[in-house]
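Each reported figure results from applying straightforward, stated rules to the coordinates on display, with no laboratory input. All figures in this text were calculated on a predicted structure; none of them were measured in a lab. Glycine also receives a Cβ, built like all others from the backbone with ideal geometry; neighbour counts cover every protein chain displayed.
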Amino acid sequence: DAKTTQPPSMDCAEGRAANLPCNHSTISGNEYVYWYRQIHSQGPQYIIHGLKNNETNEMASLIITEDRKSSTLILPHATLRDTAVYYCIPFLRINAGGTSYGKLTFGQGTILTVHP
Amino acid sequence: KAGVTQTPRYLIKTRGQQVTLSCSPISGHRSVSWYQQTPGQGLQFLFEYFSETQRNKGNFPGRFSGRQFSNSRSEMNVSTLELGDSALYLCASSYRDRGMVTEAFFGQGTRLTVV
């Protein structure tokens, strides 16, 4: 399984953009980058995913470097409700065999604290 | 569309007992995965069921087992409970076919306390 490195914690002012980095230098060519977040004691919430191109949805934007070794999740206008642990996870979405298919391997994530 | 439903939300059991947790996936999702979350180990994959068959398994002892029914609902069972089994147990459902699986959507979890 590809390993990820995320900063343990980050702070962001309410209303400002939150940029959460993730290093996944060992990601394989067919692994997507998925982002989830977990608000205290709730189930993880899917945010966004991408393979090579940058992606945007109603929650966030995902910027993936050209070499795919790192990515950045951007919350454009952070609110207090965005305070959570954010996980970056390489994920095998396409069945190419092996035991990693369909399995989410969570790291320690980044604790994002949004303050007023 | 209803989300993933886990029951019960909270449970207190005594060491040595067994427990069964239930998960109803999102309608149309046939893949159900189970995860354990503890403060020390974080979120860890237990197993995945698809079409009533276990397709993938994490590194947990045989006391942890599961099954999936024809309506895609899943149960997990933990026998001979230990104090260390106290955790938040999370269920996630995905759409899956032979060639691909989509993003997983999680339930709110079952908080198990073993005393």
Inset, instruction - Kindly state, as a whole number, the per residue volume in cubic angstrom of the convex hull around the alpha carbon atoms of chain A. - result: 95
Legend entry - Free-standing Cys, chain A [no other Cys Cβ under 4.7 Å]: A:CYS12
Inset, instruction - Let me know the whole percent of all Cα-Cα pairs from the stretch B:35-84 that are separated by more than 13 Å. - result: 61
Legend entry - Computed magnitude of the charge dipole of chain A (debye, nearest 20; Cβ of K, R +1, Cβ of D, E -1): 200
Legend entry - Share of Cα-Cα pairs in the protein assembly as shown lying beyond 27 Å, as whole percent: 34
Inset, instruction - Evaluate E = 1/(1 + (r/R0)^6) for B:GLN17 and B:GLN41, where r is the Cβ-Cβ distance and R0 equals 22 Å; express this FRET efficiency to the nearest 0.05. - result: 0.50
Legend entry - Eligible lysines near A:LYS52 by straight Cα distance, threshold 21 Å, same-chain separation 8 or greater: A:LYS3, A:LYS69, A:LYS103
Inset, instruction - Could you tell me which of A:LEU104, B:VAL4, A:TYR34 has its Cα farthest along the dipole of the protein assembly as shown towards the positive end, charges placed at Cβ (Lys, Arg +1; Asp, Glu -1), taken about the Cα centre? - result: B:VAL4
